[in-house]
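Engineer: This is the structure I want to talk about, given as structure tokens.
Bear in mind these aren't lab numbers, they're just calculated from the coordinates by the rules spelled out. Keep in mind that this is a model prediction, so the values were computed, not measured. Ideal geometry is used to build each Cβ from the backbone, glycine not excepted, and the neighbour counts take in all protein chains shown.
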Amino acid sequence: MIKVGVIGSTGYAGQQLVWLLHRHPDVRISFLSSNSYVGSSFSKVYGNYSKNLEMLCINMEEAENRLDEIDILFIALPHGKSFNLVKKSLDLGVKVVDLGADFRLKDENAYKQWYNIDHEAVDLLSNAVYGLPEINRDIIKNSNLIANPGCYPTASILALSPLLKNNLIEKSSIIIDAKSGVSGAGRSLNVSTLYGECNESIKAYAISSHRHTPEIEQALSQVANEDIYLSFTPHLVPMNRGILATCYANLVNDISEEELHDLYSSFYENEHFVRIIKDLPETKWVKGSNICDISIRVDKRTKKVIVISTIDNLIKGAAGQAVQNMNIMFGIDENMGLDLLSMFP
């Protein structure tokens with residue numbers, strides 16, 4: 001059994017992670033840490049666990065003292081909070097999957113520019129592996145520190161990688177228009193995500209300044225083998241969960257939709273969690289799953305390609321991908337504990 005600990009277990013991503021780990025046949029949860037609910041049972045925080053997970057939430061200090069009990073630590077904290085935890089865990093031989101942003105960017109200066117704080121574990125950045133299995137599976141296998149990708153980046157990188165890998169688009173022409181459900185903003189009290197504020201409304205935010213921008217650019221630059229700069233605009237939509245990314249780029253040469261569909265199908269042929277579909281993706285068909293649906297359209301009039309990608313932001317965009325990474329790190333079936341299809345309606 002893989003013994004795990006979760007820090008930040010009562011946020012939305014943390015709770016989704018606990019839900020997946022609790023049902024995973026090869027996992028035993030050793031402790032759950034929470035800043036807001038110390039001493040409360042997990043089922044008191046989330047009633048769906050009643051009579052199934054009555055473990056008490058512990059504080060950060062106790063969690064740090066119990067690191068030697070586990071094989072892997074999952075961290076679901078805001079940026080700037082993971083540095084010391086990661087150092088202590090790795091020193092004890094404990095593997096780490098960080099669902100936050102602290103180890104996603106390889107450039108410490110870029111981290112400071114986008115997150116407005118100094119990076120306090122620069123020596124670990126070279127060891128951190130960006131945990132998008134469909135792109136980095138081989139190096140994830142041998143890593144002890146995984147930077148779990150963000151939700152917007154996961155949908156966007158999967159959508160655009162085949163085009164860049166095959167040099168099919170003008171690399172300076174990429175535009176990503178993405179929408180997210182409200183859970184992407186986290187569980188903390190925020191006026192902008194109150195029901196009366198966001199229901200029956202849609203809005204763009206963080207235009208040209210969203211912190212996922214350098215993360216997307218970094219990963220796509222790795223795929224393209226040259227620096228990529230793009231325009232990324234996120235939107236908040238009034239639903240609980242889901243990401244839909246619509247990605248635009250100029251085609252270099254004439255190519256048909258059918259040819260692109262076949263190219264994408266071949267590129268992701270062995271990827272269990274990526275489906276290349278003919279119909280336009282909808283969040284309802286991936287909600288509650290670790291699946292990414294992708295569809296491609298060509299606008300012959302403007303010579304543009306439009307790639308639409310959708311995921312569940314809390315699963316493939318966070319907790320499910322974290323479990324997928326854990327499975328790879330421990331050499332077990334990558335799909336273990338993730339055999340979920342969307343429940344509808």
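Engineer: Find the residue count for the stretch 162-186, including only residues that are within 16 Å of the chain's Cα centre (by Cα) and either among the acidic types (Asp, Glu) or under 19 Å from Ala249 (Cβ atoms) (or both).
Structural biologist: The total comes to 2.
Engineer: Let me ask you something else. Just to be sure, is Ser82 out of contact with any Asp or Glu (no Cβ under 8 Å at 6 or more places or on another chain) and closer than 30 Å to Glu61 by Cα?
Structural biologist: No; evaluated as a whole, the condition is false for this residue.
Engineer: So for the stretch 194-205 (the condition being assigned to a helix (DSSP H, G or I) and touching a Gly at 6+ places or on another chain (Cβ under 7 Å)), does at least one residue qualify?
Structural biologist: For the stretch 194-205, residues assigned to a helix (DSSP H, G or I) and touching a Gly at 6+ places or on another chain (Cβ under 7 Å): absent.
Engineer: Quick check on my filter: what residues within the stretch 108-136 are part of a loop (DSSP other than H, G, I, E, B) and either of a type outside the set (D, E, K, R) or touching a Leu at 6+ places or on another chain (Cβ under 8 Å) (or both)?
Structural biologist: Matches in the stretch 108-136: Asn116, Ile117, His119, Ala121, Leu125, Ser126, Asn127, Ala128, Gly131, Leu132.
Engineer: Among the candidates Ala63, Ala110, Ala155, which residue alone is among the small types (Gly, Ala, Ser), over 24 Å from Asp26 (Cβ atoms) and out of contact with any Cys (no Cβ under 8 Å at 6 or more places or on another chain)?
Structural biologist: Step by step, each of Ala63, Ala110, Ala155 is checked, and only Ala110 is among the small types (Gly, Ala, Ser), over 24 Å from Asp26 (Cβ atoms) and out of contact with any Cys (no Cβ under 8 Å at 6 or more places or on another chain).
Engineer: A follow-up question, please. Tell me which of these Lys287 doesn't satisfy, since it passes every other one: (1) closer than 18 Å to Gly181 by Cα; (2) in contact with a helix residue (DSSP H, G or I) (Cβ under 7 Å, 6 or more places away or on another chain); (3) among the charged types (D, E, K, R).
Structural biologist: Of the numbered conditions (1) closer than 18 Å to Gly181 by Cα; (2) in contact with a helix residue (DSSP H, G or I) (Cβ under 7 Å, 6 or more places away or on another chain); (3) among the charged types (D, E, K, R), the odd one out for Lys287 is (2).
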